[in-house]
1. For the stretch 10-19, what are the residues that are in contact (Cβ under 8 Å) with a residue 24 or more places away in the chain, surrounded by fewer than 20 Cβ atoms within 10 Å (Cβ to Cβ) and part of a loop (DSSP other than H, G, I, E, B)?
2. Of all the strands (runs of 3 or more DSSP E) wholly in the stretch 79-159, which have at least 1 residues that are in contact (Cβ under 8 Å) with a residue 40 or more places away in the chain and over 18 Å from the mean Cα position of the chain (by Cα)?
3. Does Glu173 qualify as being surrounded by fewer than 18 Cβ atoms within 10 Å (Cβ to Cβ), in contact with an Asp or Glu (Cβ under 9 Å, 6 or more places away or on another chain) and either of a type outside the set (Phe, Trp, Tyr) or at positive phi (or both)?
4. Which ones in the stretch 201-216 are of a type outside the set (A, V, I, L, M, F, W, C) and either in contact with an Asp or Glu (Cβ under 7 Å, 6 or more places away or on another chain) or surrounded by fewer than 14 Cβ atoms within 10 Å (Cβ to Cβ) (or both)?
5. Name the single residue that is farthest from the chain's Cα centre (by Cα) among those in the stretch 184-200 being closer than 28 Å to Ile135 by Cα and exposed (fewer than 13 other Cβ atoms within 10 Å of the Cβ).
6. So Gly181 fits all but one of (1) within 19 Å of the chain's Cα centre (by Cα); (2) surrounded by fewer than 13 Cβ atoms within 10 Å (Cβ to Cβ); what number is the exception?
7. Looking only at the stretch 20-61, how many residues end up being within 17 Å of Gly122 (Cα to Cα) and either within 21 Å of the chain's Cα centre (by Cα) or part of a loop (DSSP other than H, G, I, E, B) (or both)?
8. If Val74 meets every condition in (1) without any contact (Cβ under 8 Å) to a residue 60 or more places away in the chain; (2) assigned by TED's automatic domain parsing to the domain that holds Trp22; (3) farther than 28 Å from Pro48 by Cβ; (4) not small (Gly, Ala, Ser) apart from one, which number is that one?
Amino acid sequence: MSRLIGLIDASDAGGVGGDGNWKLVFHLAAWRVPGEAVERGERRCELPVSDSALTRWMVRLRPYQVVSLDVAKVARGCTVVRKILRAGVKDAELERVASELRAPVKVKTKRFGTLALDRRYGWYEGNARWSGKKIKLTLSTHGDALATAEKLFSAEKRWAKQVGEFTVGKLLELKNDVWLGEGEKDVTKQQFLSRLMLESIAIDEGGRFTFWFGDGDLFWGHAIEVYGSITGGLKDATLAG
């Protein structure tokens, strides 16, 4: 048996597969073989499980928990786990790493104020104002993504108009052809725009941005995703969720 003691990272455990052929997936932020030094990085772990076991372990495994693992093999960057021997192991070294990782990481910006790192997703999060309304802003990092945010918000009026027009062009016909409720009349362009509710803007490291709208019940509660980039323009507007 190859035993490993690991610290689960900030994200929750999940599952991949289906039809009774599931794998529990979780990630370690640090680990060690008993008696050896702690290693740090990102380590993906997979454990073959039944449907019921998947649900149990997804509830039981928590961020920054220390676990003892029976490892079957390591292949293609993935650690295949034979068995989780114990969850909630006491390990002073790994607990020190956990304390370090729990410490807040914040970045101060001129335009957007303080952005805080959400380690679960690896992005910085804060608030901004768009068209006079408060929205959530998320940046994949505080480097290139911040520069993209500055450019986007510096031309806010132009982008706000483009995003609205683009979304209408992509989704108004779909609304009136497929998503009208019983007795509901065709929605006009202005009615469509008035019901869009911008909730957040997310910006990736590569310069891609995504506007997330609440649909104002246009599509019965589905979110609306509009994405593009500063250099490439708007690419698509789709329903999500």
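1. Passing the criteria: Ala10, Ser11, Asp12.
2. On the way: elements: 106-109, 113-118, 123-130, 133-139.
It comes to 123-130, 133-139.
3. Details: surrounded by fewer than 18 Cβ atoms within 10 Å (Cβ to Cβ): yes; in contact with an Asp or Glu (Cβ under 9 Å, 6 or more places away or on another chain): no; either of a type outside the set (Phe, Trp, Tyr) or at positive phi (or both): yes.
No.
4. At the first step, the residues of the stretch 201-216 found to be of a type outside the set (A, V, I, L, M, F, W, C) are 204-208, 210, 214-216.
Answer for the stretch 201-216, where residues must be of a type outside the set (A, V, I, L, M, F, W, C) and either in contact with an Asp or Glu (Cβ under 7 Å, 6 or more places away or on another chain) or surrounded by fewer than 14 Cβ atoms within 10 Å (Cβ to Cβ) (or both): Glu205, Gly206, Gly207, Thr210, Gly214.
5. First, pick out the residues of the stretch 184-200 that are closer than 28 Å to Ile135 by Cα: 187-200.
Then drop every residue that is not exposed (fewer than 13 other Cβ atoms within 10 Å of the Cβ), which leaves 188-190, 194.
Values: Thr188: 34, Lys189: 32, Gln190: 32, Ser194: 28 Å.
Selected residue: Thr188.
6. (1)
7. Our first condition is that a residue be within 17 Å of Gly122 (Cα to Cα); within the stretch 20-61, this holds for 26-30, 40-44.
Those still in the list that are either within 21 Å of the chain's Cα centre (by Cα) or part of a loop (DSSP other than H, G, I, E, B) (or both) too: 26-29, 41-44.
Looking only at that region, the number is 8.
8. Every condition holds for Val74 apart from (3).
The values are calculated or read from the model by the stated rules, or taken from the named source; none is laboratory data. None of these values were measured; they are calculated from a predicted model. Positions of Cβ are generated from backbone atoms using ideal geometry, with glycine treated the same way; all protein chains shown enter the neighbour counts.
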